[in-house]
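*Asks:* Questions regarding the structure given below will be posed in turn.
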Amino acid sequence: MINVKLLFVDTSCEFSRYKKYLSFLPNERLEKISRFRFDKDKILSLFSGLLICTEASKQAGIKSNEIQFEYNEHEKPSIKNFSEFHFSVSHSGNCVAFASDTSPIGIDAEIISDARIEIAKRFFSENEYKYILESESQGNAFYEIWTKKEAYVKFLGTGLSTPLSSFDVTNKNLSSKFYTKQISEYMLSIFSENQNLSENNIKIEILNY
């Protein structure tokens, strides 16, 4: 079962409102948060870290502030000495999206807006571009493709070294491994190589803070 949490946070307040939660995070995450200039970015980084560390803590049986991260050559994080725990995070607007599983996973969430046709034309495949142009709602179609692409790249853990134009999420070999859903004004996509994703094997929990 893939565990998904969508956390909607008040990012309009000062970061100091949430400082009491810093004690739940390891020093490495605290240092990352401190490097952000704006309170909104600090808040999103804080709650991303809380989702990762509290979930890993429950499964590994260790304190959340004792979690240790390690990184691959493209800076994709994982939990040190806990190879069976795979996770992915994304944030957009005031939403932090988190997914975890026993095998590699990728998640992306974006606020739905108007279709960015020039970006689609430049960075998407011909089939993806055509799919958007022919859709009844080009905005929804654009963010469906966009979140699928981001989720897939996060699954790969290759970051910017994998150009968005180098793969086609409408291809049957990939498309059957995505789960995409609109939740409120957000588009959510999840990619897993080992499962045919559906409501039966994804648990989505929506949280508000």
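The values are calculated or read from the model by the stated rules, or taken from the named source; none is laboratory data. Because the structure is predicted, anything quoted here is derived from the model rather than measured. Quick reminder, even Gly has a Cβ in these numbers, built from the backbone with ideal geometry, and neighbours come from all protein chains shown. Accessible surface is based on the protein model in full, side chains and every heavy atom, while ligands, DNA and RNA are left aside. Shrake-Rupley method; radii C 1.70, N 1.55, O 1.52, S 1.80 Å.
*Asks:* If you roll a 1.4 Å probe over the chain with all protein chains in place, what percent of the accessible area is carbon or sulfur?
*Replies:* Carbon plus sulfur share of accessible area: 47 percent.
*Asks:* What shape does region 1-69 take by its C-alpha gyration tensor, where a ≥ b ≥ c are the square roots of the eigenvalues and a/c under 1.5 counts as rounded, a/b above b/c as prolate, and the rest as oblate?
*Replies:* oblate
*Asks:* Something else now. Taking 0.36 nm per intervening residue step and subtracting the Cα-Cα distance, what contour gain separates SER198 from ASN3 on full extension?
*Replies:* 69.0 nm
*Asks:* Positive end of the dipole of region 1-146, charges at C-beta (+1 Lys, Arg; -1 Asp, Glu), about the Cα centre: which of ILE119, SER78, CYS13 has its Cα farthest in that direction?
*Replies:* Positive-end residue among those listed: CYS13.
*Asks:* While we're on this one: Report the net charge of residues surrounding PHE124, where surrounding means a beta-carbon distance below 14 angstrom and charges are Lys +1, Arg +1, Asp -1, Glu -1.
*Replies:* After counting each charged neighbour, the total is -1.
*Asks:* If you bin the C-alpha pair distances of the chain every 10 Å from 0, what whole percents do you get?
*Replies:* Each 10 Å bin holds this share of Cα pairs: 8, 33, 36, 18, 4, 0.
*Asks:* Suppose accessible area is computed on protein heavy atoms with a 1.4 Å probe; arrange ASP108, ASP10 from highest to lowest.
*Replies:* I get ASP10, ASP108, largest accessible area first.
*Asks:* Moving on. Find the accessible area per residue for the chain; the probe is 1.4 Å, ligands and nucleic acids are left out, and the unit is Å².
*Replies:* About 53 Å² of surface per residue is accessible.
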